[in-house]
Amino acid sequence: MKITGTLIVTALVIAVLLAIGGGLLALLAFGVGWVINLVMHLEPFQATVIGLAGMFIFGTLIKHIWDSVMATARNMDEFEEYDEDNEDEENDEDELPFYPGVPRWRQPLKSVDFSDTKPDDRCPCGSGRKYKNCHGVKQAK
């Protein structure tokens, strides 16, 4: 009984918050539309629609910026963890080797033998590039 009551109260709280948020969003769109109406002399509905579209574009832009900042921070954390784990350790057979001159996205996903690969052969990692332009970058220099 307690769980059912808790679920009902939680659903009501979420519904009220969504209603308040939607009302505030509609009020903001109307206010932005009113300002656009004063500046551009459009119909109120057209100005409100332009205001809503602008708010949507602004929100999408903020989301993309947030996602890119968080992805960069997440990649930096992974890179720091990788450096801390492999400072003075040798590669185990379970771990894949790390090639310092090769970007992270081109690191091999499986253990591949590069020992008998010639510079002009296709890279055994499966990228489709020549070995000298893929994992053989450091060896060629």
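The values are calculated or read from the model by the stated rules, or taken from the named source; none is laboratory data. All values reported here derive from a predicted model rather than from experimental measurement. Neighbour counts run over all protein chains shown; Cβ positions are idealised from the backbone, glycine included.
How many of the residues in the range 1-50 are outside any helix (DSSP H, G or I) and of a type in the set (A, V, I, L, M)? Counting residues in the range 1-50 that are outside any helix (DSSP H, G or I) and of a type in the set (A, V, I, L, M) gives 2. Answer yes or no as to whether A29 is touching a Ser or Thr at 6+ places or on another chain (Cβ under 7 Å), at negative phi and modelled with pLDDT under 90. So A29 fits the description; yes. What do you reckon, is K138 at pLDDT 75 or above and not aliphatic (A, V, I, L, M)? In short, no.
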